[in-house]
Amino acid sequence: MKFVVTAGPTREPIDPVRFISNRSSGKMGYAIAEAALEAGHEATLISGPTALAAPTNARVTKITTADELFEAVHRETANCDVLVMCAAVSDCKPVEVFAQKMPKQRGEFSLRLTSTRDILASLPHERSYLVIGFAAETHDIETSAQKKLREKNCDAIVANDVSASDVGMESDENAVEIFFQNGERKKISRAKKLSVARELIKIIFEMREKRLTKKT
Ligand code: CTP
């Protein structure tokens, strides 16, 4: 199978030295690409800025902004079997990017922001590849994950609790629950991100097999 995996944060520039971003380390997405390769699949990793070394044999496309990620996802999914959207895409960007470093402002001031495009929601509804979304949640995990599954038209969504500091974002470990379109759900208990990724790859492979059997 051909996997496209997005990983890491995006950075939305304010001026030449400042940006809006988030705490994503990219570890989960890199682990998914590695586990896919290990299982004999092909993997294209679309990565935001991270400190990680890409797995050997992964095709890597580096992006910085949500707009660049949007373009890269649409380009790479033209020929893939699965998109795993693990990147922590910034939900907003400055309306204006200053060409020169903004001088220090005194006291309270505001920065005009606008929303970025939702990449998952922009994908075609009729498509030949599976789409696995991620849901980073600090509360009401199930309700929010189910809402994202529906609204972003994913085949499954992997929910992770990012409220704790020792698991999930930045950590080497993760614990997730996967919600499927048919109402099923599966838990992967807390483990190293590579182990969680290996389980996830097996589950995605089974989803693909089921879909192919249904079609024939
Ligand atoms: N996502 C996306 N495009 C965006 C924002 C998010 O495709 N502009 C994807 C993420 O890669 C992830 C899923 O949507 O697979 C859910 O991301 P998350 O940050 O949990 O949710 P948001 O849609 O950003 O909503 P909120 O911040 O309100 O939780």
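The values are calculated or read from the model by the stated rules, or taken from the named source; none is laboratory data. All of these numbers come straight from a predicted model, not from anything done at the bench. All Cβ positions, glycine included, derive from the backbone under ideal geometry; neighbour counts span all protein chains shown. Protein only, heavy atoms only, side chains kept; ligands, DNA and RNA dropped before computing areas. Shrake-Rupley method; radii C 1.70, N 1.55, O 1.52, S 1.80 Å.
Observations
- Residue in the stretch 50-57 that is assigned to a strand (DSSP E or B) and in contact (Cβ under 8 Å) with a residue 24 or more places away in the chain present: no
- The combined condition, being over 24 Å from Asp161 (Cβ atoms), out of contact with any strand residue (DSSP E or B) (no Cβ under 8 Å at 6 or more places or on another chain) and open to solvent by 70 Å² or more (accessible area, probe 1.4 Å), is not fulfilled by Glu42.
- Matching residues, the stretch 181-210, being of a type outside the set (Lys, Arg), in a strand (DSSP E or B) and open to solvent by 70 Å² or more (accessible area, probe 1.4 Å): Ser189
- Every test in (1) of a type outside the set (Gly, Ala, Ser); (2) more than 14 Å from the chain's Cα centre (by Cα); (3) within 13 Å of the ligand (Cβ to nearest atom); (4) under 25 Å from Ser25 (Cβ atoms) is passed by Phe70 save one, and that test is (2).
- Restricting attention to the stretch 45-59, the residues being open to solvent by 50 Å² or more (accessible area, probe 1.4 Å) and either under 14 Å from the mean Cα position of the chain (by Cα) or farther than 18 Å from Arg11 by Cα (or both) number 4.
- Within the stretch 78-125, considering residues that are outside any loop (DSSP other than H, G, I, E, B) and open to solvent by 80 Å² or more (accessible area, probe 1.4 Å), the one farthest from the ligand (Cβ to nearest atom): Asn79
- Single condition Ile32 does not satisfy, out of (1) part of a helix (DSSP H, G or I); (2) surrounded by 21 or more Cβ atoms within 10 Å (Cβ to Cβ); (3) without any contact (Cβ under 8 Å) to a residue 60 or more places away in the chain: (3)
- The residue of the stretch 60-77 that is most open to solvent (accessible area, probe 1.4 Å), among those that are outside any helix (DSSP H, G or I) and in contact (Cβ under 8 Å) with a residue 40 or more places away in the chain, is Thr64.
- Residue, farthest from the ligand (Cβ to nearest atom), within the stretch 133-175, restricted to residues that are assigned to a strand (DSSP E or B) and acidic (Asp, Glu): Glu173
- Hey, Ile46 under 30 Å from Glu96 (Cβ atoms), assigned to a strand (DSSP E or B) and in contact with a helix residue (DSSP H, G or I) (Cβ under 6 Å, 6 or more places away or on another chain) or not: yes
- Flag for Ile204 being over 17 Å from Asp91 (Cα atoms) and within 16 Å of the ligand (Cβ to nearest atom): yes
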